[in-house]
There are 2 protein chains.
Amino acid sequence: MQQISVITLGVEDLSRSRRFYTQGFGWTPVFKNDQIIFYQMNGVVLGTFLRQALEEDMNRPGLRGPGPCSLAHNVPDRQDVAPLMDRLIDRGGRLLRPADAPGHGGFRGYVADPDEHAWEIAWNPAWSIDAAGHVTFGL
Amino acid sequence: MQQISVITLGVEDLSRSRRFYTQGFGWTPVFKNDQIIFYQMNGVVLGTFLRQALEEDMNRPGLRGPGPCSLAHNVPDRQDVAPLMDRLIDRGGRLLRPADAPGHGGFRGYVADPDEHAWEIAWNPAWSIDAAGHVTFGL
């Protein structure tokens, strides 16, 4: 099955990370303990896990990062991009790229979370998003 | 909306990466050009994008990686974990952690893709996956 179950981000400070995700994005955790917080997303689960615990679970200590990867959150309208980026930055994020129009269309910018994980905030009219948040590729 | 639209992984060689994802996982691209390959997943899109192009898009050159993060692909049965890990390793992956049972239950191991992005291959009976591949958190 063409399926991703979980995206797990290593974090240094769960409270700091939670502030970014709950107050910046406005998301609500589905589970938390003293090591990990899970968010139920659109058919996939996002986890923020203490970095050292994640490294132990992966059997891969001493990761440097940030790695060459990004996550994207799409918004319904072009004018939603910049205000959300501002709110994320206000809640501990760091601006990587101000919002502008890429060559392939749409409108987007990038913000790093407090642990340097990159988020693209994008408006992409070619990609549909249904009521449950499920995203379908389009051109 | 509690929603992730895209997971984009920076890669050095699109053909090498494609072999891992199409022959290892058995996934089919929904789009490809000479810079990026997209896979339509369960309500989210996975992209493999030439690292330098991703860095330019993010305005964040010279990323070292691998970062402290992982993606998980859940399988229906405990006995599906090891054979899939073997196939991923045969198609260019690298073993990080052989499959075993973590304290929180289930069964899992980790494999890095050819660009060192970590994948957890997991059996987790507490998390439901519907026919469309949508995953729901559970305890």
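When region B:84-129 is filtered for residues that are within 15 Å of residue A:47 (Cβ to Cβ), outside any loop (DSSP other than H, G, I, E, B) and of a type in the set (Phe, Trp, Tyr), the ones remaining, listed by number, are B:110, B:119.
Residue B:95 meets the conditions (1) within 14 Å of the chain's Cα centre (by Cα); (2) assigned by TED's automatic domain parsing to the domain that holds residue B:2; (3) without any contact (Cβ under 8 Å) to a residue 40 or more places away in the chain in every case but one. The failed one is (2). Going through region B:110-139 one residue at a time, which ones are open to solvent by less than 50 Å² (accessible area, probe 1.4 Å) and within 26 Å of residue B:63 (Cα to Cα)? Within region B:110-139, B:110, B:111, B:112, B:113, B:114, B:115, B:117, B:118, B:119, B:120, B:121 meet the criteria. The residues of region B:52-82 that are on the phi > 0 side of the Ramachandran plot and either assigned to a helix (DSSP H, G or I) or at pLDDT below 95 (or both), listed by number, are B:62, B:65.
Note on region B:52-62: residues that are open to solvent by less than 60 Å² (accessible area, probe 1.4 Å), over 23 Å from residue B:16 (Cα atoms) and either of a type in the set (S, T, N, Q) or more than 7 Å from chain A (Cβ to nearest Cβ) (or both) total 0.
Checking the stated criteria, residue A:65 turns out not to satisfy the condition of being of a type outside the set (D, E, K, R), more than 14 Å from residue A:111 (Cβ to Cβ), open to solvent by less than 20 Å² (accessible area, probe 1.4 Å) and more than 7 Å from every other protein chain (Cβ to nearest Cβ). Tell me, please, whether a residue that is at the interface with chain B (Cβ under 10 Å from one of its Cβ atoms), more than 12 Å from the chain's Cα centre (by Cα), assigned to a strand (DSSP E or B) and closer than 22 Å to residue B:46 by Cα can be found in region A:43-51. Looking for residues that are at the interface with chain B (Cβ under 10 Å from one of its Cβ atoms), more than 12 Å from the chain's Cα centre (by Cα), assigned to a strand (DSSP E or B) and closer than 22 Å to residue B:46 by Cα, one finds at least one in region A:43-51, hence yes. Filtered by the rule that a residue be open to solvent by 80 Å² or more (accessible area, probe 1.4 Å) and facing another protein chain (nearest Cβ under 7 Å), region A:1-18 gives a lone residue, A:1.
The values are calculated or read from the model by the stated rules, or taken from the named source; none is laboratory data. Computed from a predicted structure; not experimentally measured. Virtual Cβ from ideal backbone geometry, glycine too; neighbours counted across all protein chains shown. Quick note on the areas: whole protein, heavy atoms, side chains included, nothing else; ligands and nucleic acids left out. Shrake-Rupley method; radii C 1.70, N 1.55, O 1.52, S 1.80 Å.
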